[in-house]
Amino acid sequence: MSVKNLKKQRQLRLMVLAFFAMVIALFTFDLDRYGLFDVDEAIFTQATVQMLESDDYVTPYYNTEPRYHKPPLIYWLQAASMHTFEEISPFTARLPSALLAVMTIFVFFMFIEGMTGSLRYALTASAVLGFSLSYLVIARAAIADMALNFFMLTAILFFISNIYAKQRRLMPQIVGGLMFGLAILTKGPIAIFVVGGVVLIAMLVRGNFWYNLKCVNPLIVGAMALLVFMPWVVLIIQDKGFDFFKEFLIVHNWERFANGLGVSHTSSPYYYFIILLIGFSPWVLFVPGSIVWLCRTGWGKIRSADPMDALPVIGFLWFLMVFVFFSFSSTKLAHYIVPGLPGLALLVAARLDDLPNYPTFKFNLIWMVPAAIVFGLVFWAFKFLPDVLAGKGPMYEAIKAIPNLSIDLPVDDPQLLALLSLPVEMPQTPIFLGAIVMVGITLAVVFSASGYRHATVVAGATSWMMLMLINFGLVPVVYEYQQQPLANIGHKIADTYNSSTDEVYYFQLHRPSVRFISGVPFTPIDRASQFLDMPYQPERMM
């Protein structure tokens, strides 16, 4: 290797160290800066607390009722965190997701470098995946999705690496099978669909299907997966019979997909286009060009034995499979398509790595630069949003002065207006955030049109700064508006509740964060008259 190449490799290694320092800071720093959000974070954490209190690690419970929504692995991980640090807090609840997020990026990086031999491609793909808003959200949330993505991605990478190895090996099938089993134990059948679908894509792309099937032997993989999740299956059947699986498989899997779980969980078939536009920014600006680049340069190499040629094709089909599947689902939540983002990162990273040979077409600047500016302006406008919605301030007056404006301002929802009237101090963060995004992403787009790989560095640095500012500047403000009033209620209940005389009821409005903070079980009632019909006992009214 020449002195010049050695110098480049040394620079890349230093960039890798800097990158992982940035990843650790982004995902793990100050996890308890704000409290738990409703509904998912609070309900997962409260279920874990009740698991610790009851010493029942087989059947999850929430508010004294069995919780059949998810298998127990995420509760076990949160319980281990709480036990290790001897505290129950947002920090210990979120820590498993944060650590698994860092591990996911590390595993992704190591496998890509090992398969392709390209340190730069591995670093770029890891940055595209890790420095995206959708990934950050689940990385710092006390929910099951980060654990699911870690185990699924690890299993997929073990299987694909064995398919593209010069000689098939047994160990990747064993370890991959164990990871596959842990993914099922985290969230159930969705792991079978994603892992099975991606591996099938890789087998078809690679060619020689029957040889590839021996590289991912279903008997070996299935046996390892069963070894992981079957002990819990036996225990839960002994404890609850088949009730858990009836509700979990039929209601929380089939019914979610086929019929939805309510208006708040459903949306149009175009929902995930919007989610991708927001959650995968700024990298989403490079997706159209990456698809065009793949059609021009990649499909001809689809049967290549070189993973560097095959991974962009596999990645695109991987993402497309997940995206299309959940677009047809009746239940839509923003984090559902996150399992497809590693595939999209493989495609976009390959495109960015090939910029010197195929620069971004100059005419793309016509839409890419304005899109970057608009994205920055959206952040900038966040500072004025509460005043605008509440009908006050100079920005509100400027908007109302626009002729033929069909937007009804201020809002007339009493609950929203009450939240907007809270004494929350809006920081200057949105102004800085908007400026950084507009300048940084515009510069990255211009570099990409000139064929400079500096575009990746600029986009990555801008993304990291954007996510840090969102996490530590904007999310706490959202918490103060959305959650702090509920937290105050929870603390009030905790301070005044007398277990011998008091009982807490809830009607329609269910907020697990109040249950978590107060530590008091709630009794649900079906109708308001049910409460009014009770004997009047002032000491029972809370």
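None of the figures in this text is laboratory data; all of them are computed from the coordinates on show. A quick note: this is a predicted structure, and the numbers were derived from the prediction, not measured. Using ideal geometry, Cβ is built from the backbone for each residue, glycine included, and neighbour counts are taken over all protein chains shown.
Here are some notes:
- The H on the amide N of Y61, modeled in the peptide plane, is under 5 Å from the matching H of M51, R67, each at least 5 residues off or on a different chain.
- Nearest-20 debye value, the stretch 107-187 charge dipole, Cβ charges on Lys, Arg, Asp, Glu: 180 debye
- In terms of its Cα atoms, the stretch 1-103 spans 67, 27, 24 Å along the principal axes, sorted from long to short.
- For the chain, a simple Cβ point-charge model (Lys and Arg +1, Asp and Glu -1, everything else neutral) yields a dipole of about 2940 debye relative to the Cα centre.
- Given the chain, longest segment not containing exposed loop GluC sites (Glu not before Pro) (DSSP; at most 12 other Cβ within 10 Å): 88-424
- Extension gain for the segment A401 to A381, taken as residue separation times 0.36 nm less the Cα-Cα distance, is 5.5 nm to one decimal.
- Taking all Cα-Cα distances within the stretch 159-220, those exceeding 15 Å account for 47%.
- Extension gain, Y270 to R296, is 6.7 nm, computed as 0.36 nm per intervening residue step minus the present C-alpha separation.
- Two-site FRET efficiency, R303 against N5, from Cβ-Cβ distance with R₀ of 25 Å, rounded to 0.05: 0.25
- A dipole drawn for the chain from +1 and -1 charges on Cβ atoms has a positive end, and of I489, F44, F375 the residue lying farthest that way is F375.
- Modelled this way, with points 7 Å down the Cα-to-C-beta line, the labels at V39 and Q484 are 2.6 nm from one another.
- Burial ranking of peptide ranges 164-174, 5-15 (average Cβ count within 10 Å, highest at the top): 164-174, 5-15
- Sparse-neighbourhood loop sites, trypsin sites (Lys or Arg not before Pro) in the stretch 29-118 - DSSP loop, at most 15 other Cβ within 10 angstrom: R33
- Label-to-label distance, S89 versus L52, with points set 7 angstrom from Cα along the beta-carbon direction: 1.2 nm.
- Whole-Hz couplings from phi, Karplus 6.51/-1.76/1.60, listed for the stretch 44-57; x for Gly and Pro: 4, 5, 5, 4, 5, 4, 5, 5, 5, 5, 8, 6, 9, 9
- For the Cα trace of the stretch 366-479, dividing Rg by the Kirkwood Rh returns an Rg/Rh value of 1.07.
- Leading residue at positive end of dipole, the chain (Cβ point charges), from L474, I163, T186: I163
- Between the C-alpha center of the stretch 125-181 and that of the stretch 60-85 there is a gap of 23 Å.
- D (Stokes-Einstein, µm²/s), Kirkwood Cα radius, the chain, 0.890 mPa s at 25 °C: 97 µm²/s
- Per residue convex hull volume, Cα atoms of the stretch 299-389, in Å³: 164 Å³
- Computed from point charges on the beta carbon alone (+1 for Lys and Arg, -1 for Asp and Glu), the dipole magnitude for the stretch 119-261 about its Cα centre is near 640 Debye.
- Cross-link check: pairs K214/K332; K70/K214; K70/K332; K362/K400; K70/K492; K187/K383 evaluated at a Cα-Cα cut-off of 28 Å; pairs beyond the cut-off: K214/K332; K70/K214; K362/K400; K70/K492; K187/K383.
- Coarse-grained scattering of the stretch 59-213 at q = 0.08, 0.11 Å⁻¹, given as base-10 log I(q)/I(0) from a Debye sum over alpha-carbon atoms: -0.27, -0.49
- Residue (of T501, T92, L200) at the positive-pole extreme of the chain, dipole from beta-carbon charges: L200
- Label-point separation in nm, D239 to H510, each point 7 Å along Cα→Cβ: 2.0 nm
- Of interest is the spacing of the C-alpha centroids, which for the stretch 270-286 and the stretch 320-335 amounts to 14 Å.
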